[in-house]
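Worksheet: the structure to be examined is printed underneath.
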Amino acid sequence: MRSIWNGAISFGLVSIPIKLVNATESHAVSFRQIHTEDGGRIRYRKVCELEDREVGQDEIGKAYEDADGSMIPITDEDLSHLPIPTARTIEIVAFVPEERIDPLQMGSAYYLAASGAPAAKPYTLLREALGRSNRVAIAKFALRGRERLGMLRVVGDAIAMHGLLWPDEVRAPEGVAPDAGVTVRDQELDLADALMDTLGEIDLDDLHDEYREALEQVIAAKAAGETPPETREEAAPGKVLDLMAALESSVRAARESRGGEGAGPAEEADVRTLPQRGTSSRRTPKETGGKASTSTAAKKTAAKKTAAKKTEAKKSTASAAGKSTAKSTAKSTAKSAGSAKKTAAKSTAKKPAGKSAPAKSTAKKTPPRKRSA
């Protein structure tokens, strides 16, 4: 890797000669500007305004434009004699825990390479000291015409430096958050937690730039005289759902994509928040759009399964006992019928003579008359 800056790390009275190299690289596809009529290349030429001619790089210098428009030339020699100790030195000023650094301040990343054999020992010393302390070094250095802030940390067996913005270069997030007061219910937080747990973690090495890959396919097809691949049609947005329904659909879709159980593909939804009501945030939300909450649906499903099990148990019990009790039931029925007839006959005989009764059941039997000889 080609170095972009040579200097030294100032670690107290210890000086470590180093080379600064870029730790990152861009894989973005770049384009050139052309004349659309004939495909000619559009180029920018550096022209002197006073002489109206193109000038070479060796004729170009730096200057500061004053308020009145006049130019104040600044040479490389002027910059090399700046009255600051960080002109060619990365000066470590403090060691702090890494969590003290706001990620908003972090910028470009560089590797610090030891310059020559004499730098190996102090370089390794600083690396091991940083690793054992679990802290990062805050340093100041000058690069590309201005002093910068940096953070040194251990990456593998090397020391990396992240360029940091000065604290006054980070804007406060005023006016970014929603103005209206929004109340988030516990059920919504539970579903959001479930969605995060379902999505889980991912290996960052598995992520890749799909846009760049698609762009390279288009370029390859055009170069071969073929038709570029067509753009995939975007799915039409689904019906508008409330936040709870959208979260439930998201959890279900995430579980299906991860190989879990689901109730079918989830519809895409435009999320809109429900109007605020004067109810407590702890109260169970009402059902929206005819859909019950997850906990209510689970209870109803469990109740149906329990009722089904009880019904099957009753049917099997009745079927098993039916054959064994058939005879006893018939006998008891016959006895009951006989007893009922006897009871009816006795009660009829005891009734007074003045009351009428049915002919068949109440007629008195007349004894047969004796015939005389």
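Okay, here's what the table says:
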{"item": "Rounded, prolate or oblate (a/c below 1.5 giving rounded, otherwise prolate when a/b exceeds b/c) for the stretch 123-191 by Cα gyration tensor", "result": "oblate"}
{"item": "When the convex hull of its Cα atoms is projected in every direction, mean area for the stretch 184-227 (nm²)", "result": "5.5"}
{"item": "Separation in nanometres of the label points that stand 7 Å from Cα toward Cβ, at GLU37 and SER70", "result": "4.5"}
{"item": "Carbon + sulfur, % of accessible area of the stretch 187-232 - ligands and nucleic acids excluded, 1.4 Å", "result": "52"}
{"item": "Efficiency of FRET from Cβ geometry, TRP5 and GLU210, R₀ 41 Å, rounded to 0.05", "result": "0.75"}
{"item": "Highest average packing first - 167-180, 94-107, 61-74, 119-132, Cβ atoms within 10 Å", "result": "119-132, 94-107, 61-74, 167-180"}
{"item": "All aspartates and glutamates inside 12 Å of LYS62 as judged from Cα atoms, apart from same-chain residues fewer than 8 positions distant", "result": "ASP76, GLU77, ASP78"}
{"item": "Interchain or long-range residues, amide H under 5 Å from ALA23's placed H", "result": "ALA109, TYR110, TYR111"}
{"item": "Calculated FRET value between HIS27 and GLU147, using beta carbons and R₀ = 45 Å, to 0.05", "result": "0.90"}
{"item": "Assigned charges on the beta-carbon of Lys, Arg, Asp, Glu; the stretch 24-160 dipole about Cα centre (debye)", "result": "900"}
{"item": "Positive-end residue of MET196, GLY150, GLY181, charge dipole of the stretch 92-215 with Cβ unit charges", "result": "GLY150"}
{"item": "Two-decimal log10 I(q)/I(0) for the stretch 132-249, as the Debye equation yields it once each C-alpha is a single scatterer, q = 0.11, 0.14, 0.23 Å⁻¹", "result": "-0.98, -1.12, -1.26"}
{"item": "Spatial separation of Cα centroids for the stretch 1-78 and the stretch 94-145, in angstrom", "result": "26"}
{"item": "Ratio Rg/Rh, restricted to the stretch 1-140 and using Cα atoms, in which Rh is the Kirkwood radius", "result": "1.10"}
{"item": "Carbon and sulfur %, accessible surface of the stretch 2-72 computed with the full protein complex present, 1.4 Å", "result": "48"}
{"item": "Of all accessible heavy-atom area on the stretch 91-155, the percent that carbon and sulfur account for (1.4 Å)", "result": "51"}
{"item": "Computed FRET value (nearest 0.05) for ALA158 with LYS62, which takes r as the C-beta separation and R₀ as 41 Å", "result": "0.80"}
{"item": "Per residue accessible area of the stretch 3-129, 1.4 Å probe, in Å²", "result": "76"}
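The values are calculated or read from the model by the stated rules, or taken from the named source; none is laboratory data. Just so we're clear, the structure is a prediction, and the values are computed from it rather than from any experiment. Cβ coordinates were reconstructed from backbone atoms using ideal geometry, including for glycine residues, and neighbour counts include every protein chain displayed. Note: areas computed on protein heavy atoms with side chains; ligands, DNA, RNA excluded. Shrake-Rupley method; radii C 1.70, N 1.55, O 1.52, S 1.80 Å.
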